[in-house]
Each structure stands twice: as structure tokens, then as C-alpha cells.
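Below: the structure, in C-alpha cells.
The values are calculated or read from the model by the stated rules, or taken from the named source; none is laboratory data. Everything quoted here is computed from the prediction, not taken from an experiment. Virtual Cβ from ideal backbone geometry, glycine too; neighbours counted across all protein chains shown.
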Amino acid sequence: MSNQSVEQIGATKSFGGQQLRYTHQSAVLNCEMTFSLYLPPQAQQGPVPVLYWLSGLTCTDENFVQKAGAQRYAAEHGIAIVCPDTSPRGEGVADDPEGAYDMGLGAGFYVNATQQPWAAHYQMSDYIVDELPALIGAEFPVDSSRVAISGHSMGGHGALTIAFNNPGRFKSVSAFAPIVSPLNCPWGEKVFSNYLGAERSSWQQYDTVELVKAGCTQLPVLIDQGSADNFLSEQLKTSLLIDAAQQAGFPMQINMRAGYDHSYFFIATFIAEHIAFHADALV
């Protein structure tokens, strides 16, 4: 059980449920954190299953809440949605020295940093896996035995690697336009060399393709990727995961969506399918 206190900073009725926003002091990240939570109307009768949504670079807890249109489908299926922030924040939290968007604030990459100055705050994997779920389970009417995880871009990378690194914890995982192999793209190489150090073997635990190659425990996987995504060839490299899954005998539903880009217009188009996918696994 959590001994943390949460402070509510927002509440809005949506599709019969409540879109809520809270702050709390994170011991793992050593700073104050903000998260958003959608509680469907079914939560008034008792605990509901929960979906964790991990957002991408530059995002906060609010992007998905405001742009994806997920509340309608979460209410239909009776699923809570937790949206954490994408990095630690606040005074003293390290940021990219040049203020770049792809490292530091808004770019936690859902790893546990081992190198300074990052290690003092950037323990996002432990936050998502341990601290935040303990808090949610203690404070809100959710069924902590029925949990799924999803995300977009950097958050898709986070959802897949966290699911594969914690077998049995999640009933299902999905992703929109995930970074499937940080070892093989500029975003990953920049951040991992800084957060994790020069020894690339330490990066593999945070690389979806490497985890699949290593024989990670299988669970239901749904991935959507737009063919018109500007980041597809250089950063996302979906084909690497398609190949690795085939070679490992790991059945994944990977949809290449013709003409769609990297934006929330893409996410909003297919979010109903993702929530239905998780609802089936969370029964």
C-alpha cells in the first residue's frame, strides 16, 4: 500500500465518469509529479481494470487526455486510464544542456538512468512499474490484478519494454508508432549514451527488438504504425520488430496504416480499437 498523499488539481465529468488530475511527491523520481486519471462510471460500483498510457517526446500527462478521445471508449468498456508525465520535472532536475526536445525534460524514455546528472531523478521505469501503480491501487477504485499498458512513440517504446520486462504483470500491451529499437536510431543512441553510459550491452533491456530476440514472455500485442509517419525510416523502424517477432515465433498484430502520420489525429482514429483490444484481455 502507498503512504503517499495525492492532491487533486482537476476534475471534469466526461462520458458519465470523471477526468481527474493529481499531483504527488515521488520518492523514486525525487520531485513532484503530475498524473491524469480517467475513472469510468463503472468505478462508482467497484474496482475497474486499468490501462496505463505512456506519452511521447515533449508531452505531459495532458496530451492524450485532451486529444485522443479515449474517454468515450473507456466508459463503454469500464476501464480506468492512468496518464503519467513523460519525465521528472522541477527545480534541480537535469535537462538537455542545449534545451533540445529529445533529451531531459519531457524525454524520460521510461528507463532507469545510471549516469549523472540523470540518475538523481530519471528513474522512470521504477516509477511506472512500482511507485505509481502502488499509489493508484491504494487511492482509487481500480483492480490491480487487471492491468494493461499502451503508449505512443517514446511511450510505445516504454509500454513494450516495460511489458516484456515484467512478465505476468500486464494482460496486454499496445503501441502507436513505437520506437522499437533505440539501439538503432538517433533518438535512442543520444539518450541511452547519456542516461545509461557508453556500454551498449546495458541498453538492451530497454530495446523491444532485443527483448523479443532474447525470448521474452509472450502476451497479446497490438501495434499501429502510419505509413506517412516522418519518423518511420530513421527513428521507428517497425520492420525490425516485424522481423524479430517472426523469427522468435511471437505472434503480434502489427498494422501498417496507409497515409497516417505520427500525430494525435492518427491515435484518435484507432484508439477505439486499442481500448477494445485491451478490454478483451482484461476480462
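Of all the residues in the stretch 49-60, those that are of a type in the set (S, T, N, Q) and surrounded by fewer than 24 Cβ atoms within 10 Å (Cβ to Cβ) number 2. Selection of the stretch 78-114 for residues being assigned to a loop (DSSP other than H, G, I, E, B), among the β-branched types (Val, Ile, Thr) and more than 17 Å from His24 (Cα to Cα) yields Ile79, Val111, Thr114. Residues of the stretch 257-279 that are surrounded by fewer than 21 Cβ atoms within 10 Å (Cβ to Cβ), assigned to a helix (DSSP H, G or I) and touching a residue at least 24 places away in the same chain (Cβ under 8 Å): Tyr264, Ala268, Phe270, Ala272, Glu273, Ala276, Phe277, Ala279. Which of the residues spanning the stretch 202-240 are over 20 Å from the mean Cα position of the chain (by Cα) and not aliphatic (A, V, I, L, M)? Of everything in the stretch 202-240, those that are over 20 Å from the mean Cα position of the chain (by Cα) and not aliphatic (A, V, I, L, M) turn out to be Ser202, Lys213, Gly215, Ser227, Asn230, Ser233, Glu234, Ser239.
Criterion first (assigned to a loop (DSSP other than H, G, I, E, B) and either surrounded by fewer than 24 Cβ atoms within 10 Å (Cβ to Cβ) or touching a residue at least 12 places away in the same chain (Cβ under 8 Å) (or both)) does Thr161 satisfy it? It is false that Thr161 is assigned to a loop (DSSP other than H, G, I, E, B) and either surrounded by fewer than 24 Cβ atoms within 10 Å (Cβ to Cβ) or touching a residue at least 12 places away in the same chain (Cβ under 8 Å) (or both). When you scan the stretch 85-93, do you find a residue that is of a type in the set (Asp, Glu), surrounded by 15 or more Cβ atoms within 10 Å (Cβ to Cβ) and under 18 Å from Ser150 (Cβ atoms), even just one? Among the residues of the stretch 85-93, at least one is of a type in the set (Asp, Glu), surrounded by 15 or more Cβ atoms within 10 Å (Cβ to Cβ) and under 18 Å from Ser150 (Cβ atoms), which makes the answer yes.
Residues are listed down the side, and each one gets a yes or a no for (1) of a type in the set (Ser, Thr, Tyr); (2) crowded, with 24+ Cβ neighbours inside 10 Å; (3) touching a His at 6+ places or on another chain (Cβ under 9 Å):
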site	(1), (2), (3)
Glu62	no, no, no
Tyr73	yes, no, yes
Glu98	no, no, no
Tyr110	yes, yes, yes
His152	no, yes, yes
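The number of residues in the stretch 221-256 that are out of contact with any Asp or Glu (no Cβ under 6 Å at 6 or more places or on another chain) and outside any helix (DSSP H, G or I) comes to 16.
Here Thr58 passes the criteria (1) under 19 Å from Asn194 (Cα atoms); (2) in contact (Cβ under 8 Å) with a residue 60 or more places away in the chain; (3) of a type in the set (Ser, Thr, Tyr) except the one numbered (2). Taking the numbered list (1) touching a Gly at 6+ places or on another chain (Cβ under 9 Å); (2) free of Cβ contacts under 8 Å to residues at least 12 places away in the same chain in turn, Gln66 passes all entries but (1).
For the stretch 200-220, which positions are part of a loop (DSSP other than H, G, I, E, B) and either of a type in the set (A, V, I, L, M) or modelled with pLDDT under 95 (or both)?
Ala214, Leu219
Selection of the stretch 13-60 for residues being under 17 Å from Pro88 (Cβ atoms), among the polar types (S, T, N, Q) and assigned to a loop (DSSP other than H, G, I, E, B) yields Asn30, Ser55, Thr58, Thr60. Residues that are over 24 Å from Val129 (Cβ atoms) and either surrounded by fewer than 20 Cβ atoms within 10 Å (Cβ to Cβ) or of a type in the set (A, V, I, L, M, F, W, C) (or both) are absent from the stretch 23-31 altogether.
Considering the stretch 187-244, the residues that are among the acidic types (Asp, Glu) and either more than 18 Å from Gly56 (Cβ to Cβ) or touching a Cys at 6+ places or on another chain (Cβ under 6 Å) (or both) include one that is surrounded by the most Cβ atoms within 10 Å (Cβ to Cβ), namely Glu210.
Residue count for the stretch 153-192 satisfying the condition of being under 16 Å from His278 (Cα atoms) and among the basic types (Lys, Arg): 2. Annotation: of all residues in the stretch 125-141 being surrounded by 17 or more Cβ atoms within 10 Å (Cβ to Cβ) and in contact with a Ser or Thr (Cβ under 7 Å, 6 or more places away or on another chain), the one that is nearest to Gln205 (Cα to Cα) is Tyr127.
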